[in-house]
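The values are calculated or read from the model by the stated rules, or taken from the named source; none is laboratory data. Treat the numbers as computed from the prediction; the structure is a model and nothing was measured. With ideal geometry, Cβ positions are generated from the backbone for all residues, glycine too; neighbour counts draw on all protein chains shown. Areas reflect the complete protein model, heavy atoms only, side chains present, ligands, DNA and RNA absent. Shrake-Rupley method; radii C 1.70, N 1.55, O 1.52, S 1.80 Å.
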Amino acid sequence: MSEETPPDPGPPGAIGAAVGEFAALAARGAFSVNDHGGQALLKPIRDMLAWIDRERVNFDRLHQEPMLGSSTNAEVMKPFMRRVAGDEAGFITQILRFGESLVAAEQAIVQAMANYQEADAQAANGLGEGGS
């Protein structure tokens with residue numbers, strides 16, 4: 001990817017766009033992070049991804065029509081609750097997009113850690129050459 005090529009915006013939404021830029025910067029080597037810092041960033045990302053995976057059964061349940069009875073209010077609320085859970089702006093849709101953003105962020109952090117290792121190795125080689 002060249003400097004003129006715009007970064008992949010990542011998954012839709014503000015978080016997705018920010019993570020897309022973050023990933024593009026890491027891919028270009030614009031920043032690096034040491035192993036300790038990278039692991040500190042990766043742990044909560046991986047924990048959240050694990051939570052999303054564990055909750056998928058519950059997300060599927062939210063797509064089902066809730067058992068609220070047959071009153072007029074219940075009949076009005078049933079489709080509304082399903083939309084709130086699963087339409088384009090719904091909780092499930094947004095949490096799954098957030099998960100996609102977390103995967104992209106994880107990849108960017110791993111790339112930034114590799115950037116650090118490469119920069120560290122180059123610096124060490126430079127010191128070795130200068131000391132001869």
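Taking the Cβ-Cβ separation of Asn125 and Ala30 as r and a Förster radius of 22 Å, what is the calculated FRET efficiency to the nearest 0.05?
0.55
Helix 91-130: angle to the longest alpha-carbon principal axis of the chain, degrees 0 to 90, nearest 10?
Approximately 10 degrees, to the nearest ten.
Find the Cα radius of gyration of segment 8-132, compare it with 2.2 N^0.38 Å by division, and give the number to two decimals.
Ratio of Cα Rg to 2.2 N^0.38 Å: 1.58.
Go ahead and set up a Gaussian network model of the chain, Cα springs under 10 Å, then flag whichever of Glu21, Glu118, Glu75 fluctuates most.
Looking only at Glu21, Glu118, Glu75, the largest GNM fluctuation is found for Glu75.
With unit charges on the beta carbons (Lys and Arg positive, Asp and Glu negative) and the dipole taken about the Cα centre of the chain, which residue among Leu127, Ala18, Leu68 sits farthest to the positive side?
Toward the positive end, the furthest listed residue is Leu68.
With +1 on the Cβ of every Lys and Arg and -1 on the Cβ of every Asp and Glu, and nothing else charged, how large is the dipole of the chain about its Cα centre, in debye rounded to the nearest 20?
Computed about the Cα centre, the dipole is about 620 debye.
So if we plug the beta-carbon distance of Gln117 and His63 into 1/(1 + (r/R0)^6) with R0 = 41 Å, what FRET efficiency do we get, rounded to 0.05?
E(calc), rounded to 0.05, equals 0.40.
Take the solvent-accessible surface of the protein heavy atoms, probe 1.4 Å, and return the percent of it on the chain that carbon and sulfur atoms account for.
In the chain, the share of accessible area belonging to carbon and sulfur is 58 percent.
Report the chymotrypsin sites (Phe, Trp or Tyr not before Pro) located in segment 26-60 that are in a DSSP loop and have at most 14 other Cβ atoms inside 10 Å of their Cβ, or state none.
Hits after loop and neighbour filter: Phe31.
With every protein chain left in place, what is the accessible area per residue of segment 29-91 in square angstrom, probe 1.4 Å?
Ligands and nucleic acids excluded, the result is 72 Å² per residue.
Taking only Cα atoms, what is the 0 to 90° angle, nearest 10, from helix 35-63's long axis to the longest principal axis of the chain?
20
Suppose only helical runs count, i.e. DSSP H with n ≥ 4. What mean residue ellipticity at 222 nm does that imply for the chain under -39500 (n - 2.57) per run, divided by all residues and rounded to the nearest 500 deg cm²/dmol?
The helix contribution divided over the chain gives -26000 deg cm²/dmol.
Near Gln39, within a Cβ-to-Cβ distance under 14 Å, what is the net charge of the other residues, with Lys and Arg +1 and Asp and Glu -1?
Summing Lys and Arg as +1 and Asp and Glu as -1 gives -1.
To the nearest 10 degrees, how steeply does helix 72-86 sit against the main Cα axis of the chain, on a 0 to 90 scale?
10
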